[in-house]
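Note sheet for the following structure.
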Amino acid sequence: MPGLIGRKIGMTSVFSADGKNVPCTVIEAGPCVVTQVKTVEKDGYAALQLGFAEAKEKNTTKPMMGVFKKAGTTPKRHLAEFKFDEEHNLGDTITVDIFSDAAFVDVVGTSKGKGFQGVIKRHGFGGVGQSTHGQDDRARKPGSIGACSYPAKVFKGLRMAGHMGNDRVTTQNLRVLKVIPEHNLILVKGSVAGYNGSTVLIMK
């Protein structure tokens, strides 16, 4: 599945042809450089490793510097692999033009981290009972967790308080509203996981 590495710029809205105001996300898609070419004979599968965003040489390991020098490019901050149908060579630059004929894309991002949260915010629990009759400290508690005489344990996967967010999220079938090649931008309908400036993967 061909795609690019990009950066979420933020959200805005555009007017459609019929005059409706459509919310959309602006993504800077590429340009990405081909840093490695994976082949079936050597690696067991066919794919292209793409690099995006400049990185400092002092922050790049020597093995990765060898990869970038072989590709004839500067160090890159983010790397990802995509399966392209067409052939590309080391050092080729792939731009947002690959989405010019795409109607829908999938976007992979990392959701915003919320830290340690309770069951009401994390799972949408309704709270326990009323705040009278001696239950003034039970409003946002999870209630019973199911342990009893048999089975005398709590089952795995029970929804409880814990770490919320900072997960890999794939948003599928986002409609492509506009592609702006001169600024490497793509506008997709709706929202994309992650904060403004976070790295995302855009795939056909």
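The values are calculated or read from the model by the stated rules, or taken from the named source; none is laboratory data. Predicted, not measured: the structure shown is a model, and the values here were computed from it. Please note: Cβ atoms are built from the backbone with ideal geometry, for glycine as well, and neighbour counts cover all protein chains shown. All accessible areas refer to the heavy atoms of the entire protein, side chains included, with ligands and DNA or RNA removed. Shrake-Rupley method; radii C 1.70, N 1.55, O 1.52, S 1.80 Å.
Which residue, of G109, G118, is touching a Leu at 6+ places or on another chain (Cβ under 8 Å) and surrounded by 15 or more Cβ atoms within 10 Å (Cβ to Cβ)?
On inspection, the qualifying residue turns out to be G109.
Give region 6-23 a look and list any residue that's open to solvent by less than 60 Å² (accessible area, probe 1.4 Å), of a type outside the set (S, T, N, Q) and not in a strand (DSSP E or B), or say none.
Result: G19, single match.
So is H133 more than 30 Å from M11 (Cβ to Cβ) and open to solvent by 100 Å² or more (accessible area, probe 1.4 Å) or not?
When the stated conditions are applied, H133 passes them.
Kindly indicate which of E54, E41, E28, E87 is surrounded by fewer than 14 Cβ atoms within 10 Å (Cβ to Cβ) and within 21 Å of H183 (Cα to Cα).
Going through E54, E41, E28, E87 in turn, just one is surrounded by fewer than 14 Cβ atoms within 10 Å (Cβ to Cβ) and within 21 Å of H183 (Cα to Cα): E54.
Scan region 142-151 and tell me whether some residue there is of a type in the set (V, I, T) and surrounded by 15 or more Cβ atoms within 10 Å (Cβ to Cβ).
no
Please go through region 23-52 and give me each residue that is touching a residue at least 60 places away in the same chain (Cβ under 8 Å) and within 20 Å of G3 (Cα to Cα), ordered by number.
Those that are touching a residue at least 60 places away in the same chain (Cβ under 8 Å) and within 20 Å of G3 (Cα to Cα): C24, T25, V26, I27, E28, A29, G30, P31, C32, V33, V34, F52.
Is it true that some residue in region 183-199 is at pLDDT below 90 and under 18 Å from the mean Cα position of the chain (by Cα)?
Looking for residues that are at pLDDT below 90 and under 18 Å from the mean Cα position of the chain (by Cα), one finds none in region 183-199, hence no.
Mind checking which residues of region 98-124 are over 14 Å from I27 (Cβ atoms) and at pLDDT below 90?
Within region 98-124, S100, D101 meet the criteria.
Listed residues F155, F125; which is open to solvent by 60 Å² or more (accessible area, probe 1.4 Å) and within 35 Å of the chain's Cα centre (by Cα)?
Checking each option against the conditions leaves just F155.
Just to verify a result, which residue in region 158-180, among those that are touching a helix residue (DSSP H, G or I) at 6+ places or on another chain (Cβ under 8 Å) and surrounded by 14 or more Cβ atoms within 10 Å (Cβ to Cβ), is nearest to E28 (Cα to Cα)?
V179
Can you confirm whether region 90-97 contains a residue that is open to solvent by 30 Å² or more (accessible area, probe 1.4 Å), over 17 Å from M203 (Cα atoms) and among the polar types (S, T, N, Q)?
No.
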